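So the structure is just underneath, and the comments pick up after that.
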Amino acid sequence: MLIKKPEDIRPSEITPRQVYQDRRRFLREMGVATIAGAGLLPVVADAGQKLPGARKSAYRVDDKLTDYKYVTTYNNFYEFGTDKSDPAKHSQNFRSVPWTVAVDGEVKRPARYQIEDLLQKHPIEERVYRLRCVEAWSMVIPWVGFPLADLIKRVEPTSRAKYVEFTTLHDPAQMPGQRPGLLGAGLDWPYIEGLRLDEAMHPLTLLAVGLYGEVLPNQNGAPIRLVVPWKYGFKSIKSIVRIRLVEKQPVSTWMKSSPREYGFYSNVNPAVDHPRWSQAAERRIGEDSLFSPKRKTLPFNGYADQVASLYAGMDLKKFF
Amino acid sequence: MQPQHWIRFVAKPLLFVAALIPLALLAERVLHDNLGANPIETINRYTGDWTLRFLLLTLAITPLRKLTGWHVVIRLRRMLGLFAFFYASLHFLSWIWLDQYFDLNAILQDVAKRPFITLGFTCFVLLVPLAVTSTNAMVRRLGGRRWQLLHRLVYFIATGGVIHFLWLVKSDITQPLIYGLLLAALLGFRLWDSRRQQIPALPQTH
């Protein structure tokens, strides 16, 4: 005979109060997105949603943080338009949930991960990095994410893996900048970026899922993007759907578009100018007044101590 | 009112005020700290845009006059041209002051090394003699033919201005292309018009 025992522990005693009181939000944050993926729940990850559990990392620069408003309204994300204000305007209905990232190529254990899987497997941390755009402006951003190296180790690269190639989502229905037309960004889609394996494995190289303690806004590359703080911003590819370990050096979108102007490495380097403008100095967004001179750009964006050794013996004018 | 009076007492003052509206809007944004994330870039682009717009407006006068037969509009051309020079000066000033902070070394290097700056700088320098010789006294001193020859430089300056913009953009050429097409239409009209005038009337052969 089946006798139903009274429950001796009430759910409220297991679940922290704060969480059960905020159940709906908790569900969204902790991975109900998988269910949404099956079409059961119309869940959208809202920018502005808190990302719980990020520990403060020691990777932080002392510079004043760039205002959230500028970080989220002054963006280069040509998939949503080429004006700096376009991404914030045209990405509002972008669906970043559900989302899978394929990690494959020269690896022993290729896999497809839901963002939620990644967040479960990798503890997230907050890091304050400088971001230097190739257009000679810069920001200071508190990212939330985990080291790319952790993910790459998980899939066990083979001995043939020498480079990592990243791909952004290609979805012209959602990304107006990718629609064919006479004019527009003039780039080949999908957006491709690449790193040498040792650059990808460097502890500074981050996969970001948030900023300012919140879920990554769409215009900043939701739901997952790369952050390589010692390289020009365009290397930090957004809305990644594929990470492929490869033998040969990938050809990035900007290299393809203008090989004379954009090299594979694209390390921040005040001594190597963009053919059309100087890289010696930069404008810090939201900081400098109208009448203050630009600030000097630092080699490797100030991260030379950590990364210069990766390029020992290389002619950085040739490998720009 | 006579057309001359209408131009002098109504059209010109109105145009003068209207041409200052872009500057007033910019000043308003400066005062309210509403120039966006990159204020210097905003000012620089804004003044550059208005330079090109006034150059195109100046170049639109002759086609307008010939197509409509409304000859008095020619009397607005000088003011439009001077406003093109005015916004070009602000554009130049925003570059040497706000952008370069009077770093003469950096300025000279940029002029020498960066084709889009070399071209923009050249066009600005070439605008100076046109502005200086815009007075009635200077037209008389130079003589109409020589004056006109000199002022044809504006065709080169406007073309250079559009190319200056084209060379600056990273990959999206939409905007410079729009300016380019408008300019092509305005210059194309002149070409078509001069051809049309050169064709001699067929001799009557009977």
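The values are calculated or read from the model by the stated rules, or taken from the named source; none is laboratory data. A quick note: this is a predicted structure, and the numbers were derived from the prediction, not measured. Cβ atoms come from the backbone with ideal geometry, glycine included; neighbour counts cover every protein chain shown.
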Revision key, fill the gap. Going through (1) surrounded by fewer than 17 Cβ atoms within 10 Å (Cβ to Cβ); (2) more than 30 Å from A:Glu116 (Cα to Cα); (3) touching a residue at least 12 places away in the same chain (Cβ under 8 Å) one by one, A:Ser278 fails only at (1)
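Return yes when B:Leu64 is touching a residue at least 40 places away in the same chain (Cβ under 8 Å) and away from chain A (no Cβ under 14 Å) and no when it is not. Write out each step before concluding.
On the way: touching a residue at least 40 places away in the same chain (Cβ under 8 Å): no; away from chain A (no Cβ under 14 Å): yes.
No; evaluated as a whole, the condition is false for this residue.
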Study note, to complete from the structure: Pairing a residue in segment A:294-315 that is aromatic (Phe, Trp, Tyr) with any residue that is in a strand (DSSP E or B), where Cβ atoms lie under 6 Å and the two sit 6 or more apart in sequence or on different chains, gives A:Phe300/A:Asn267
Check your understanding: Which residues, counting only those in segment B:84-103, are within 12 Å of chain A (Cβ to nearest Cβ) and among the polar types (S, T, N, Q)?
Key -> B:Ser94, B:Gln100
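For the condition in contact with an Asp or Glu (Cβ under 7 Å, 6 or more places away or on another chain) and closer than 19 Å to A:Asp288 by Cβ, what is the one hit in A:Lys84, A:Lys69, A:Lys64, A:Lys108? Write out each step before concluding.
Values: A:Lys84 fails: in contact with an Asp or Glu (Cβ under 7 Å, 6 or more places away or on another chain); A:Lys69 fails: in contact with an Asp or Glu (Cβ under 7 Å, 6 or more places away or on another chain); A:Lys108 fails: closer than 19 Å to A:Asp288 by Cβ.
Matching residue, one of A:Lys84, A:Lys69, A:Lys64, A:Lys108: A:Lys64.
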Exercise for review: Quickly run through segment B:91-141 and pick out the residues that are of a type in the set (Lys, Arg) and farther than 30 Å from B:Leu35 by Cα.
Suggested key: B:Arg140, B:Arg141
Study note, to complete from the structure: Only one of (1) closer than 28 Å to B:Asp110 by Cβ; (2) surrounded by fewer than 24 Cβ atoms within 10 Å (Cβ to Cβ) does not apply to A:Lys231, and that is (2)
Exercise for review: From (1) without any contact (Cβ under 8 Å) to a residue 24 or more places away in the chain; (2) over 15 Å from A:Pro110 (Cα atoms); (3) over 19 Å from the mean Cα position of the chain (by Cα), pick out the condition that doesn't hold for A:Asp171.
Suggested key: (3)
Review point. Here are some conditions: (1) away from chain B (no Cβ under 14 Å); (2) more than 26 Å from A:Glu156 (Cβ to Cβ); (3) among the aliphatic types (A, V, I, L, M). A:Ala271 meets all but one. Which one does it not meet?
Key: (1)
Review point. If you check B:Gln197 against the conditions, is it exposed (fewer than 12 other Cβ atoms within 10 Å of the Cβ), without any contact (Cβ under 8 Å) to a residue 12 or more places away in the chain, in a helix (DSSP H, G or I) and not basic (Lys, Arg)?
Key: yes
Review point. Applying the selection to segment A:147-168, what residues are surrounded by 15 or more Cβ atoms within 10 Å (Cβ to Cβ) and over 20 Å from the mean Cα position of the chain (by Cα)?
Key: A:Pro157, A:Ala161, A:Lys162
Practice item. Identify the residue in segment B:1-33 that is exposed (fewer than 11 other Cβ atoms within 10 Å of the Cβ) and within 12 Å of chain A (Cβ to nearest Cβ) and, among all such residues, is nearest to A:Arg284 (Cα to Cα). Key: B:Asp33
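Looking for something in contact (Cβ under 8 Å) with a residue 40 or more places away in the chain and more than 21 Å from B:Leu183 (Cβ to Cβ) - is there at least one such residue anywhere in segment B:98-113? I'd like the intermediate steps shown before the answer.
Let us first name the residues in segment B:98-113 that are in contact (Cβ under 8 Å) with a residue 40 or more places away in the chain, namely B:98-99.
From what is left, the residues that are more than 21 Å from B:Leu183 (Cβ to Cβ) are B:98-99.
Yes, some residue in segment B:98-113 is in contact (Cβ under 8 Å) with a residue 40 or more places away in the chain and more than 21 Å from B:Leu183 (Cβ to Cβ).
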Practice item. Hand me the list of helices (runs of 4 or more DSSP H) wholly inside segment B:1-103 holding 1 or more residues that are in contact with a Ser or Thr (Cβ under 7 Å, 6 or more places away or on another chain), under 30 Å from A:Asn75 (Cβ atoms) and β-branched (Val, Ile, Thr). Key: B:39-68
Check your understanding: Among A:Phe264, A:Phe234, which is the only one that is modelled with pLDDT of 95 or more and within 12 Å of chain B (Cβ to nearest Cβ)?
Key -> A:Phe234
Check your understanding: If the Cβ limit is 9 Å and pairs must be 6+ apart or interchain, which residue in segment B:144-170 that is under 13 Å from B:Thr51 (Cα atoms) and within 14 Å of chain A (Cβ to nearest Cβ) pairs with which residue that is assigned to a helix (DSSP H, G or I) and of a type in the set (D, E, K, R)?
Key -> B:Phe165/B:Asp49
Revision key, fill the gap. Going through (1) buried (at least 18 other Cβ atoms within 10 Å of the Cβ); (2) in contact (Cβ under 8 Å) with a residue 40 or more places away in the chain; (3) within 24 Å of A:Pro52 (Cα to Cα) one by one, A:Tyr113 fails only at (2)
Exercise for review: Identify, by number, the condition in (1) under 23 Å from the mean Cα position of the chain (by Cα); (2) surrounded by fewer than 20 Cβ atoms within 10 Å (Cβ to Cβ); (3) facing another protein chain (nearest Cβ under 8 Å); (4) aliphatic (A, V, I, L, M) that A:Leu298 doesn't meet.
Suggested key: (3)
Check your understanding: Mind checking whether some residue in segment A:202-221 is aromatic (Phe, Trp, Tyr), under 25 Å from A:Ser91 (Cα atoms) and touching a strand residue (DSSP E or B) at 6+ places or on another chain (Cβ under 6 Å)?
Key -> yes
Study note, to complete from the structure: Of the residues in segment B:39-61, those that are within 14 Å of chain A (Cβ to nearest Cβ) and crowded, with 17+ Cβ neighbours inside 10 Å number 8
Study note, to complete from the structure: So, first residue loosely packed, with under 15 Cβ neighbours inside 10 Å in segment B:70-81, second residue assigned to a helix (DSSP H, G or I) and at pLDDT below 90, Cβ within less than 6 Å, six or more apart or across chains; the pairs are B:Val72/B:Pro3; B:Val72/B:Ile7
